[in-house]
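The values are calculated or read from the model by the stated rules, or taken from the named source; none is laboratory data. Fair warning: this is a prediction, and the values are worked out from it, not measured in the lab. Backbone-built Cβ (ideal geometry, glycine too); neighbour counts: all protein chains shown. The accessibility values were calculated without ligands, DNA or RNA, using every heavy atom of the protein model including side chains. Shrake-Rupley method; radii C 1.70, N 1.55, O 1.52, S 1.80 Å.
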Amino acid sequence: ARVQQRLVDSALPEAQRAAELARLSGLELQEDELLAKTSGNRPAVQPSFPSLAQMQDSLDSDEAMLAYSISQREEGGSWVIRITRDNVAVAALPEVRELAGKIERFVNLVERQDQSELVGAALLGQSLLDPQPGFIPQSIRRLIVLPDGVLWKLPFDALVLGPQQERVAQRFELSVSPAASLWLRWRHTPPSQSELSALVFADPRLPASAAEPADERSWMVAQGVRLGRLPFAEAEGKQIARDLDGLLLRGGDATESRLKQESLQRYAILHFA
């Protein structure tokens, strides 16, 4: 982790950078050897991880991937790697304690629905999406985000970016993936043929109060996180179902048990609101 932190420093001389990269390779080999000695039941087939070149070849010219690595140490060690078809850039991020505090405040303000989160949206947008001038090229229209740690709690779509103060959702088509290897698999797997276009779940009924019995899936409601209903979820669901000639389930029909009863292979698109 210390070697990786030094490599993030853009002012590191090239000779020292080459030496640190060589040291990193050596440390990774040592780690593999230690794992081999301490693990008696390693799988016969080791997982393969895509190279940067593979990722670049799989990206379209208007796409950029943002791969985040958040250190669990209180000071430093976090960074983001921006990958496009043409090049790769790396930038350091604020320490995890600072990020966690900003994200918690931002999410709380978003829930108020009074635009009070705009300042935080711009600060987080600059820290995470624009840490260096031109970090995301103007030609990019689609973002693939690979969050890590506290960033899984962050609604990237709601961040504000650039001099025009645009929401990320206004400027980009955004998708989130747990890992680069999984995204690469999805990218190169042809879509299956589906007999129905879309299954739409919209505006489900929520518990009326936190005093109601809560199972593990509604723990947020039980703990007092009152997200409430989305005012346009039903209208949006109806529009999508109408435009795509899909099946709409709303209100009391939009339940987890109903989802599990459906044969999902029949549908090309699943929409949840």
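Listed values, structure above:
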read-out	value
Chain lengthening between Gln165 and Asp57 when straightened (0.36 nm per residue, less Cα-Cα)	35.7 nm
R0 of 30 Å, Cβ-Cβ distance Asp245-Arg85: FRET efficiency to nearest 0.05	0.25
Förster radius 35 Å - calculated FRET efficiency between Thr38 and Leu264 (Cβ-Cβ, nearest 0.05)	0.30
10 Å Cβ shell holding at most 13 others, DSSP loop, GluC sites (Glu not before Pro): longest site-free stretch of the chain	76-194
DSSP H segments from the chain that extend 18 Å or more along their own axis, Cα-based, with Kyte-Doolittle mean of -1.0 or above	14-38, 96-112
Per-selection Kirkwood Rh - the chain (Cα, Å, 1 d.p.)	22.0 Å
Contour minus Cα-Cα distance for Glu256 and Trp152 (0.36 nm per residue)	35.2 nm
Theoretical gain in end-to-end length, His188 to Leu118 [0.36 nm per residue, Cα-Cα removed]	21.4 nm
Surface per residue (accessible, 1.4 Å probe) for region 128-183, Å²	49 Å²
Carbon plus sulfur fraction of accessible area for the chain, probe 1.4 Å, in percent	52 percent
Counted charge near Gly246, where neighbours are those whose Cβ lies closer than 15 Å (Asp, Glu -1; Lys, Arg +1)	-2
Nearest-0.05 FRET efficiency for Phe49 and Leu196, computed from C-beta distance (R0 35 Å)	0.45
